[in-house]
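The values are calculated or read from the model by the stated rules, or taken from the named source; none is laboratory data. Quick caveat: nothing in here was measured; it's all calculated off a predicted structure. Here the Cβ positions follow ideal geometry from the backbone for every residue, glycine too, while neighbour counts run over all protein chains shown. Please note that ligands, DNA and RNA were not included when accessible areas were found on the heavy atoms of the full protein model with its side chains. Shrake-Rupley method; radii C 1.70, N 1.55, O 1.52, S 1.80 Å.
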Amino acid sequence: MPTKTVATINSTGRQAASFIRAASAVGWHVKAQIRSNEGLVAEELADLPNVEFIEGDLTGPDKKRLLKELFTNVKIAFINTTHWGDEVAIGKACADAAKKAGVAHFIYSSMPDHSTFGRGWRALPMWSAKFAIENYVRQLGIPATFVYTGIYNNNFSSLPYPLFQMELQNDGGFVWQAPFHLDDPLPWLDAEHDVGPALLQIFKMGPNHWKGQRVTLAFEKLTPIQCCARFARGVGRPVNYVHGPIKIQLPIPSGYQEQLDILAETLGDKRAPYFPGLEYPREGRSIWEGYRGIEEYAREVFPIEEAANGLRWMDEPGASTPSEVVDDTNGSRPMTPSGIPTPVRFSGAYTPRSHPEGLDRDFFVGST
């Protein structure tokens, strides 16, 4: 029999899906809200043991019934809201339903509001909504823990998506252009691989251990230059960083444009820390030691995800990574050997091509 029952929402998103995989693997029963049971990720989760779908749209008129069904007989919950509809209203409704159901540990995936620090920083709108929900949860008095997730390794793509495009060059290497200062450290996280095991451990430790605090889920602290050096070692090709404006090469929603504009100003021009006042990566590593760093991601996962998106650069010869590229970042752990081209092999293992919500023109996956 499953030892615990846990509720999740937006369950085909990277964070929730990672947690569902981990929870199912240890025998927990998962009640997973999804907007639709169609799509590759939903199909994968449906095949896992102990996963029960609660299908419906939390932006619709049936929200209260869905949440009542979701939280019935549930004592723990992981809630990661997204900007579908009124995110703050949905987050508050989830918290209210959890309190009414007597949830004993409520983990909410939050983000900072930079405007609260009195430094003239503007709030990133897609983050400040999460911060508002966090404050509401605190006011309700639910036994809660708040996780702050770093930049997803999985955000990188050679497709022309804004902010995290690894732009393929004629020599076979890549260029990442972003507004982050060359010397400013950033928090990194492999959402697919590491959110689930980390959350599982946080739940096992219980709300009394955390006492409502914020837990930073970031396993590497790397400047853009250091990140590119590790990515280059992993992918076996040159990767250069360009400190510059965010390239917009495809239509994006106005809300996301505002997010990018303020990010460029607050984190770029004004060089505000990504997570003001929060320390990392020691905390995350103390919770989950088996994290996948950016070098390992670039070597083992990035080419497969790119191939699943129909790209074939990995089949072409690329320029060798310069031997003089050295990353002397403290805290690096030994990695598997690099520098030798690794062929992409398709063993039949499932690799998500995209999240179904990502097919909507108004949705952007990622923590930034």
What distance in nm separates the two pseudo spin-label positions at THR3 and ARG312, each 7 Å out from Cα along the beta-carbon direction? 4.9 nm
What spacing in nm lies between the two simple spin-label points modelled at ASN73 and GLU258, each 7 Å away from Cα in the Cβ direction? 4.2 nm
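Quantify how much of the Cα-Cα distance distribution of the chain extends past 26 Å, in percent. Walk me through the intermediate numbers first.
Numbers: 34067 of 67528 pairs.
Cα-Cα pairs of the chain separated by over 26 Å account for 50 percent.
Which whole-number value in Å² is the accessible area per residue of the chain, probe 1.4 Å? Walk me through the numbers before you get to the answer.
Numbers: 16270 Å² over 368 residues.
Here the residues of the chain average 44 Å² of exposed surface.
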Grab the eigenvalues of the alpha-carbon gyration tensor for the stretch 164-301, scale each by 5, take roots, and send me the semi-axes largest first in whole angstrom. 28, 20, 14
Are there GluC sites (Glu not before Pro) in the stretch 54-131 that DSSP marks as loop and that have at most 14 other Cβ atoms within 10 Å, and which are they? none
Work out the FRET efficiency for LEU40 and GLN249 from their Cβ-Cβ distance, taking R0 = 30 Å, and round it to the nearest 0.05. 0.75
Take each of the peptides 58-68, 189-199, average the number of other beta-carbon atoms within 10 Å over its residues, and list them starting from the highest. 189-199, 58-68
Once both label points are put 7 Å beyond Cα along the C-beta direction, the PHE117-ASP57 separation in nm becomes 3.7 nm
Please list, in chain and number order, the residues 5+ apart from ILE151 or on another chain whose amide H is under 5 Å from its amide H, with Hs placed from the backbone. TRP188, LEU189
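Please go through the stretch 1-99 and write out the chymotrypsin sites (Phe, Trp or Tyr not before Pro) that DSSP classes as loop and that have at most 16 other C-beta atoms within 10 Å. Don't skip to the end; give the middle numbers.
On the way: sites: PHE19, TRP28, PHE53, PHE71, PHE78, TRP84; in loops: TRP28, TRP84.
In loop regions of the stretch 1-99 (DSSP not H, G, I, E or B), the sparsely surrounded chymotrypsin sites (Phe, Trp or Tyr not before Pro) are TRP84.
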Highest first, please rank the peptides 216-222, 131-137 by the mean number of other Cβ atoms sitting within 10 Å of their residues. 216-222, 131-137
